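Here the structure comes first, spelled out in structure tokens, and everything after it is commentary.
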Amino acid sequence: MTVEQLQRDGWPTEEKIGSGQQARFETLFAEVAGAVVGFALFFHNYSTWEGMGVYLEDLYVKPEHRGKGIGTALVEFCLHQFSTRLSIRQALKHILQVASAYCVCIQENVYVDHV
């Protein structure tokens, strides 16, 4: 994965947006004193069993900033986004998946991938 690929897929130019291209994922950044210290990356998916969904792919907080509520704030904001975009049933399912993975992150103090 390159910076160029991330920029192309996550932040299309206005020209590409005008031609109908949309971002393939959304990213929330956590900042402390103007410096990025964490992020959550998620995207929309579709299931033939459940319909529309939102998938949290990555949750990361720099080690020196863990334990300060930054990860919790990112997860809570994601959950809010999920709940406003999905049905109650779908939102609850995603909340449980994210919360389960987040607990692993807290216990292991490791980077969570493929939530």
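The values are calculated or read from the model by the stated rules, or taken from the named source; none is laboratory data. All of these numbers come straight from a predicted model, not from anything done at the bench. Backbone-built Cβ (ideal geometry, glycine too); neighbour counts: all protein chains shown.
Structure notes:
- From Leu41, Leu59, residue being out of contact with any Leu (no Cβ under 7 Å at 6 or more places or on another chain), of a type in the set (A, V, I, L, M), assigned to a strand (DSSP E or B) and buried (at least 17 other Cβ atoms within 10 Å of the Cβ): Leu41
- The range 21-64 - residue that is under 14 Å from Leu6 (Cβ atoms) and among the aliphatic types (A, V, I, L, M) and, of those, modelled with the highest pLDDT: Val36
- Near pairs, Cβ below 6 angstrom, 6+ apart or cross-chain, from the range 9-27 (of a type in the set (A, V, I, L, M)) to any residue that is modelled with pLDDT of 80 or more and in a helix (DSSP H, G or I): Ala23/Gly10
- If the condition is being outside any helix (DSSP H, G or I) and either among the hydrophobic types (A, V, I, L, M, F, W, C) or at pLDDT 70 or above (or both), then the range 70-91 contributes only Leu86.
- Candidates Gln5, Gln21: the one that is more than 30 Å from Gly67 (Cα to Cα), out of contact with any strand residue (DSSP E or B) (no Cβ under 8 Å at 6 or more places or on another chain), surrounded by 11 or more Cβ atoms within 10 Å (Cβ to Cβ) and not hydroxyl-bearing (Ser, Thr, Tyr) is Gln21.
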